[in-house]
Every structure is written in C-alpha cells, then in structure tokens.
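*Asks:* First the structure, which I've put down as structure tokens, then a few questions once you've had a look.
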Amino acid sequence: MNYKNLIWLIGPAAAIILLWVFAVYMPLNAQAIKGQNSLKAVLQERKTLETSLMSMTRQVQDEEVLKKSYDEFLTQAPAVGRMGEYMAGVVHVAKLRGMSLERLSGQYESMDVSYKNVVRPVFEMGFKGRFLDMGRFLEELSGRTAYGSIKQARIMYDDKEYPVLSGRFVIEFKALKERTLESK
C-alpha cells in the first residue's frame, strides 16, 4: 500500500474533522461553558436572595411577635395605682394553692431608665404551705405578665409543723407608671 494514496484518502476526512472542530464545535463548546457559568451565577444569586428573603421574613415575624407581646404586656400589666388589687389577686391565688400569707410588704425600688413607662416594684411575701404547693404557686406566678423575677427565696421548716413549710420570697414585678391604653 502506498502512503501517498492513504494520505489522499485520510487527509480530506481529517481536514473536514479539523474544520468542523475549529469552526463549529469549539465556538459551541465555548458558548455552552459561558451559558453554564452564567446559569451558575444566576443560581448563586437566587440562593443568596432566597436566604436574605427568609432572614427578612423571620425578622418581620420576630418583630410582630415582640410587638404583640409588648401590646399584651401593656394591656395586662397593672398600673402602679392598682398594684394593691393585683397583689390581692396574687394572695388569693396563693390561698387557692393551699398556702397562707404570713406577711406582705412592698417597695418601689428600681426606676430603670431604659424602661421609661415601667416600674419594678419588689414585694416581700411570707407564706406557709406545703413544698409542692409553693412550687405550683411560683410556677403559676411566673406565667403572669407582670412577673419579673424572684430576687430571694428562703424556705424553712419547723419539726413541729413538718409538712407545712415557711417560705420567704422577695419577688420583683413589673407595673406601668401610668395607663396609656385605658382611653382606647
């Protein structure tokens, strides 16, 4: 077999293949790669937009929950002038839990500047009752809107009255200086 004849047979086919690769395939491949890169960029941008949209939605929901809880606090928190009535309700709840009130004294100790309309009255309460009853009472009290925190707690027992314990609690409440929503 003669190599010249072989080159004349394979040469045009190779030239057509090379022409097709350089004229058609390479530009189409470059265009496809460019399209893939732009698609990846669009997908990445979409992902970041979805993430930011989700965080903004969460932030708006959190703000709505905070506003709702603040409005609830403003409608349910007692005013300073009505704190006596509120404490009478607290004492009544304690009696319903099977405890008896030994002493109750209060003071308006902290006027926090960050809370311009909120006063934090502190009450010292002495109760007698069973341990579990005290726990239920404190748990129910902590679920109320005006509850602040327990500053001090001391539970003592006397051997003569064993199942009945004496408890002294210093509890901080939250009250409004003035009622702004009563006119609404």
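The values are calculated or read from the model by the stated rules, or taken from the named source; none is laboratory data. Just so you know, these numbers come straight off a predicted model, no measurement behind them. Counting neighbours? That spans all protein chains shown, and the Cβs are built from the backbone with ideal geometry, glycine included. Heavy atoms of the whole protein, side chains included, go into the accessibility calculation; ligands, DNA and RNA do not. Shrake-Rupley method; radii C 1.70, N 1.55, O 1.52, S 1.80 Å.
*Asks:* Can you give the charge dipole size of the chain about its Cα centre, rounded to the nearest 20 debye, using +1 on the beta carbon of Lys and Arg and -1 on the beta carbon of Asp and Glu?
*Replies:* With only Lys, Arg, Asp and Glu charged at Cβ, the dipole is about 500 debye.
*Asks:* Which order do the peptides 125-136, 143-154 take when ranked by the mean count of other beta-carbon atoms within 10 Å per residue, highest first?
*Replies:* 125-136, 143-154
*Asks:* A follow-up question, please. How tilted is helix 3-20 with respect to the longest principal axis of the chain? Cα atoms for both, answer in degrees (0 to 90, nearest 10).
*Replies:* Taking the Cα atoms of the chain, the angle to 3-20 is about 40 degrees.
*Asks:* Which cross-chain or sequence-distant (5 or more) residues have an amide H under 5 Å from the amide H of VAL119, H modelled 1.01 Å from N in plane?
*Replies:* Long-range HN contacts for VAL119: ALA175, LEU176, LYS177.
*Asks:* Any idea what angle helix 83-96 forms with the longest principal axis of the chain, computed on alpha-carbon atoms, 0 to 90 degrees, nearest 10?
*Replies:* 90
*Asks:* I've got another one for you. Pick out which of ALA13, ALA32, ALA41 has the largest mean-square fluctuation in a Gaussian network model of the chain, springs linking Cα atoms closer than 10 Å.
*Replies:* For the chain, modelled as a Gaussian network with Cα springs under 10 Å, the answer is ALA13.
*Asks:* Which FRET efficiency value, to the nearest 0.05, do you get for GLN59 and ALA15 by plugging their Cβ-Cβ distance into 1/(1 + (r/R0)^6) with R0 = 45 Å?
*Replies:* Values: r = 65 Å, r/R0 = 1.44.
Calculated value: 0.10.
*Asks:* Follow-up question, since we're still on this one. For LYS177, give me every one of the aspartates and glutamates with a C-alpha distance below 20 angstrom, ignoring sequence neighbours fewer than eight places off in its own chain.
*Replies:* By straight Cα distance, LYS177 reaches ASP71, GLU72, GLU85, GLU109, ASP112.
*Asks:* Extension gain ARG168-GLN36, at 0.36 nm per residue separation less the Cα-Cα distance, in nm?
*Replies:* Full extension from ARG168 to GLN36 adds 40.3 nm.
*Asks:* Residue separation times 0.36 nm, minus the C-alpha to C-alpha distance between PHE131 and ILE155: what's the value?
*Replies:* Gain in length upon complete extension: 7.8 nm.
*Asks:* Helix 131-142 versus the longest principal axis of the chain: what is the Cα-based angle in degrees, 0 to 90, to the nearest 10?
*Replies:* 60
*Asks:* Given LYS128/LYS174; LYS68/LYS95; LYS128/LYS151, which pairs have Cα atoms separated by over 23 Å?
*Replies:* In this structure, LYS128/LYS174; LYS68/LYS95 exceed 23 Å between Cα atoms.
*Asks:* Which value, in Å², gives the accessible area per residue of segment 27-155 when a 1.4 Å probe is used on the protein heavy atoms?
*Replies:* Per-residue accessible area for segment 27-155 comes out at 71 Å².
*Asks:* Looking only at the chain, where both bridge partners belong to it, what percent of the DSSP beta bridges are antiparallel (to the nearest 5)?
*Replies:* Working: 28 of 29 bridges.
Counting only bridges with both partners in the chain, antiparallel ones make up about 95 percent.
*Asks:* Further question on the same structure: Considering only protein heavy atoms and a 1.4 Å probe, what is the carbon-and-sulfur percentage of the accessible area of the chain?
*Replies:* Carbon with sulfur: 59 percent of the solvent-accessible area.
*Asks:* Let me ask something additional. Could you order LYS4, LYS160 so the one with the most accessible surface comes first? Probe is 1.4 Å.
*Replies:* From most exposed to least exposed: LYS160, LYS4.
*Asks:* Which one, ALA32, MET83, GLN59, is farthest towards the positive end of the dipole of the chain when Lys and Arg carry +1 and Asp and Glu -1 on their Cβ?
*Replies:* Farthest towards the positive pole: ALA32.
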